[in-house]
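The values are calculated or read from the model by the stated rules, or taken from the named source; none is laboratory data. All values reported here derive from a predicted model rather than from experimental measurement. When we count neighbours, we look across all protein chains shown, and the Cβ atoms used for this are built from the backbone with ideal geometry, even at glycine.
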């Protein structure tokens, strides 16, 4: 991994929240590295963090006073928690323990750290650190999904040996990796207008009264009771889009294939397995103002065997007869009655991304294709970030690699602008203006 020049963060102000875990010692190295790059650092320690590392150590490395107490009379006469939360360019939580993540996800404000995290108007970057079973526990994963949906950024955790002697995911990212994530976050605007995840035209819940229908995740086409055809889609992007639409005030229906992430809050989720089931659920959810087909629908299915297909020395490999699955995107885009005002498809490609996306746009009859490279080198499947191109009949708009929640927020803002401007027509040849 490459890292930036020594003054890459000159003039930037970082508010560092240190949670109570063994990895807190790494936060001292993080402060030193930030100061090397010209950043100003203010540290806030939870009560548990102060048991692992001393406030004096952070004060010595940062050159700033360290904050611990919500009820310091001097600070609170000046509304210290508000001032601290607003003066930073970015808030970093390292280590972000399971307990701290849970309190953040629930919006609790019972100490200085959680109060300023709730009061901040800046993006928050979280570096989780905990035992592998704590990290993989469904409760923690639900909290992480909630925080991602709220716009939080994550770096790590890494996989490795734990202080407890176990091995697996849960180690806090190394300080230089956190530095790289901080630099990436600061290349974008970190100010969060109200509501937090709604930027530009989405501020003020401007999708209120609209119905947004989203598909997400893979489909599974059974071969026999034990096997199926599927793909690598994690559903993270589609779920992020559904969550962003809900935060913008829309009524949201999410039709999800089998995924390992939590249902977004405030969203009506329909769980399906196969492409045929997904199409039926989508049609049942119509009418909608916007349809976003983010699911990776299997192109083919087989007639499944009622019994498990057995392998034996005298048996030849079975022949699977493939049948084409229904084309959900085309069927919605080409409806003559009840067609959504905007129909958006996704194109996951491994080469000639834009050419394939433009061909798909014409063939399917939708208004927009969100195209991305899913080749092995791109590292998109299962990742938390994505680099997309918006392909319409009038042109292409390419975005840099962004957190999937940020892609979702920007996409919903873009679609709202088109919807508000009335730049579609429903005569079977929908058109979108230049992005």
Check: Tally time: how many residues in region 242-263 are farther than 24 Å from residue 139 by Cβ and crowded, with 24+ Cβ neighbours inside 10 Å?
Finding: 4
Note to self: Condition (residue is crowded, with 16+ Cβ neighbours inside 10 Å, out of contact with any strand residue (DSSP E or B) (no Cβ under 7 Å at 6 or more places or on another chain), within 25 Å of residue 265 (Cβ to Cβ) and in contact (Cβ under 8 Å) with a residue 12 or more places away in the chain) applied to region 118-129: is it met by at least one residue?
What the structure shows: no
Check: What are the residues in region 179-209 that are surrounded by fewer than 21 Cβ atoms within 10 Å (Cβ to Cβ), modelled with pLDDT of 70 or more and within 22 Å of residue 342 (Cα to Cα), if any?
Finding: 208, 209
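From the list 174, 159, which residue is over 16 Å from residue 19 (Cα atoms) and either surrounded by 14 or more Cβ atoms within 10 Å (Cβ to Cβ) or not assigned by TED's automatic domain parsing to the domain that holds residue 237 (or both)?
Among 174, 159, only 159 is over 16 Å from residue 19 (Cα atoms) and either surrounded by 14 or more Cβ atoms within 10 Å (Cβ to Cβ) or not assigned by TED's automatic domain parsing to the domain that holds residue 237 (or both).
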Item checked: region 210-238 - residue that is assigned to a helix (DSSP H, G or I) and touching a strand residue (DSSP E or B) at 6+ places or on another chain (Cβ under 8 Å) and, of those, surrounded by the fewest Cβ atoms within 10 Å (Cβ to Cβ) -> 238
Check: Out of all the residues in region 346-357, which are surrounded by fewer than 20 Cβ atoms within 10 Å (Cβ to Cβ) and either assigned to a helix (DSSP H, G or I) or in contact (Cβ under 8 Å) with a residue 12 or more places away in the chain (or both)?
Finding: 349, 350, 351, 354, 355, 356
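If I ask for residues that are over 21 Å from the mean Cα position of the chain (by Cα) and at pLDDT 90 or above, which ones from region 117-129 would you list?
Residues satisfying the conditions do not exist here.
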Next item on the list: Identify, by number, the condition in (1) closer than 30 Å to residue 245 by Cβ; (2) at pLDDT below 95 that residue 328 doesn't meet.
Entry: (2)
Notebook entry, point to check: Of all strands (runs of 3 or more DSSP E) completely enclosed by region 239-345, which ones contain at least 3 residues that are touching a residue at least 12 places away in the same chain (Cβ under 8 Å), in the same structural domain as residue 368 (by TED's automatic domain parsing) and more than 26 Å from the chain's Cα centre (by Cα)?
Noted result: 300-302, 322-324
Next item on the list: Quick one: count up the residues across region 287-301 that are farther than 20 Å from residue 361 by Cα and surrounded by fewer than 18 Cβ atoms within 10 Å (Cβ to Cβ).
Entry: 2
